[in-house]
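Shown next, in structure tokens, is the structure this report addresses.
The values are calculated or read from the model by the stated rules, or taken from the named source; none is laboratory data. In this text, all values refer to a predicted model and were calculated from it rather than measured experimentally. Methodologically, a virtual Cβ is constructed for each residue, glycine included, from the backbone with ideal geometry; neighbour enumeration extends over all protein chains shown. Protein only, heavy atoms only, side chains kept; ligands, DNA and RNA dropped before computing areas. Shrake-Rupley method; radii C 1.70, N 1.55, O 1.52, S 1.80 Å.
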Amino acid sequence: MKTSHRAAGAALAVLTIAALTSCGSGSGSGTASSGGGAVTLKFLVDNSQATLDTAKALADAFTKANPTIKVETETRPGGSEGDNIIKTRLSTGDMSDVFWYNSGSLLQALNPAQTLVDLTGDPVLANVQKDFLPVVSQNGKAYGVPAGTAMGGGILYNRKVYERLKLEVPKTWTEFMANNDKIKAAGIAPVIGTFKDTWTSQLFVLGDYYNVQAAVPGFARDYTANKAKFATTPAALAGFQHLADVHAKGYLQEGFGSATNDQGMKMLVEGKGAHYPMLSAQLPPLVASMPQAATDVGFFGIPGTDAARSGATIWEPPGIYIPKTTENLDAAKKFLAFVASPAGAEATNKAVQPAGPYRIAGAELPEDAIQVAKDLQVYVDEGRTAPALEFVSPVKGPSLEQITVAVGSGLTPPAEGAAQYDKDVEKQAKQLGLAGW
């Protein structure tokens, strides 16, 4: 959903804050492969630091391997302003040769069949893991390659606090709440809330989707068809209930309503708070200034009701796409093929710590990967993951973050908040022309 992509943008520098600047130049689409002259590719990315660092690393490594193709990065804002720039430039034919944008539901709003180059069956996708392709596809046609890594949405936790209090990673919500009791008794904030940055309030709901899918495998399909609702599906309502439970128990730190995401991450790394419902991509940018973030913070999926089925919700990487208006198609495809290769992943690793596993065959985490990435890799390797709802349903609403702030602050009962969100999604579902709405 759009607000969760804001999260990703703030985190990955992407996604999503994807609330979470021109045209290609050069001498034609055949120039790059024929060697007939130099080509300059324009590469549009959001302006968050992690995205900029990743884009530069990819561009530099690609040009070193392909001296006749120069890649110049252009920047755009994040959030809704950036979304509008993307849509406007696509509609006016003024889009860069390649661009970095969300995968999943937000991609559908770009009308990819009309605006983007179809890569279905193209060698560009040779190394892309097949289970990633649906999030850059529409009607069975694939339009992009993964940019960066997947990330987990769940609980970031301070491993030193767990070690000191002799706690084990919980596999059920009951175990999680029991840990919180012990942490509170030790004088440490059990759960960090940072509701000034409203998008951060959503993770108990969004990150719980693995448990929703495990309990109700057809939820995404029925939700998209207006046959299932959060408020009337107990497994889906649970995320709103979690917000209410944590507040009611007094587990949030003092001042959670005015705290920012940056303050929350600092609290977590310093061990002043034990748990932070958050995206794993929040960690890599902290490693330079707080090296202990790489080892002292771990990740686990939001616990459900069945220990034997514990797992985690993952956010797929954003995508890199080619607009139909590019005049440098061959060079653009060559660049995307590099991005979606082990060499591209290696170049990225040198610039940005991965926040999770790659979606590229042969691309592996470096030995010095941060702990949250290693923890998430275990979930992926064991097949205990599900994509966030936004990657399997186009139905989303703009007001979830305001609703979850109210529920998490004890102002709105969880059932009422879930019903409010069910109402919130109707407008967009109708705009998309989905059947059943």
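At a glance:
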item: Close pairs from segment 403-414: first closer than 12 Å to residue 199 by Cβ, partner assigned to a loop (DSSP other than H, G, I, E, B), Cβ under 6 Å, at least 6 apart; result: 405/195
item: Pair list, Cβ under 6 Å, 6 or more apart: segment 327-354 residue closer than 13 Å to residue 55 by Cβ, other residue of a type in the set (D, E, K, R); result: 351/53; 352/53
item: Counted residues, segment 247-257 - those being of a type outside the set (A, V, I, L, M) and either part of a helix (DSSP H, G or I) or within 24 Å of the chain's Cα centre (by Cα) (or both); result: 3
item: Scope segment 267-292; condition hydroxyl-bearing (Ser, Thr, Tyr) and open to solvent by 20 Å² or more (accessible area, probe 1.4 Å); matching residues; result: 289
item: Within segment 121-151, considering residues that are surrounded by 20 or more Cβ atoms within 10 Å (Cβ to Cβ) and in contact with a Lys or Arg (Cβ under 8 Å, 6 or more places away or on another chain), the one nearest to residue 100 (Cα to Cα); result: 146
item: Which numbered condition residue 295 fails, given (1) open to solvent by 40 Å² or more (accessible area, probe 1.4 Å); (2) over 21 Å from residue 364 (Cβ atoms); (3) in contact with a helix residue (DSSP H, G or I) (Cβ under 7 Å, 6 or more places away or on another chain); result: (2)
item: Number of positions in segment 335-347 that are surrounded by fewer than 24 Cβ atoms within 10 Å (Cβ to Cβ), out of contact with any strand residue (DSSP E or B) (no Cβ under 7 Å at 6 or more places or on another chain) and not acidic (Asp, Glu); result: 4
item: For residue 171: the one exception among (1) open to solvent by 50 Å² or more (accessible area, probe 1.4 Å); (2) farther than 17 Å from residue 384 by Cβ; result: (2)
item: Residue match in segment 354-364 (condition: aromatic (Phe, Trp, Tyr), open to solvent by 10 Å² or more (accessible area, probe 1.4 Å) and at pLDDT below 95); result: yes
item: Near pairs, Cβ below 7 angstrom, 6+ apart or cross-chain, from segment 104-119 (polar (S, T, N, Q)) to any residue that is open to solvent by 30 Å² or more (accessible area, probe 1.4 Å) and at pLDDT below 95; result: 105/394; 108/138; 108/394
item: Residue count for segment 215-246, restricted to those that are open to solvent by 20 Å² or more (accessible area, probe 1.4 Å) and either within 21 Å of residue 105 (Cα to Cα) or under 18 Å from the mean Cα position of the chain (by Cα) (or both); result: 9
item: Test: residue in segment 97-105 that is of a type in the set (D, E, K, R), crowded, with 16+ Cβ neighbours inside 10 Å and part of a helix (DSSP H, G or I); result: no
item: Selection from segment 39-60 of residues that are over 22 Å from residue 325 (Cβ atoms), open to solvent by less than 30 Å² (accessible area, probe 1.4 Å) and in a helix (DSSP H, G or I); result: 50, 51, 54, 57
item: Enumeration of residues in segment 392-423 that are open to solvent by 20 Å² or more (accessible area, probe 1.4 Å), at pLDDT below 95 and either outside any loop (DSSP other than H, G, I, E, B) or not hydroxyl-bearing (Ser, Thr, Tyr) (or both); result: 392, 394, 398
item: Strands (runs of 3 or more DSSP E) within segment 141-216 that include 1 or more residues under 26 Å from residue 306 (Cβ atoms); result: 151-158, 189-191
item: Residue match in segment 422-435 (condition: small (Gly, Ala, Ser) and within 18 Å of residue 202 (Cβ to Cβ)); result: no
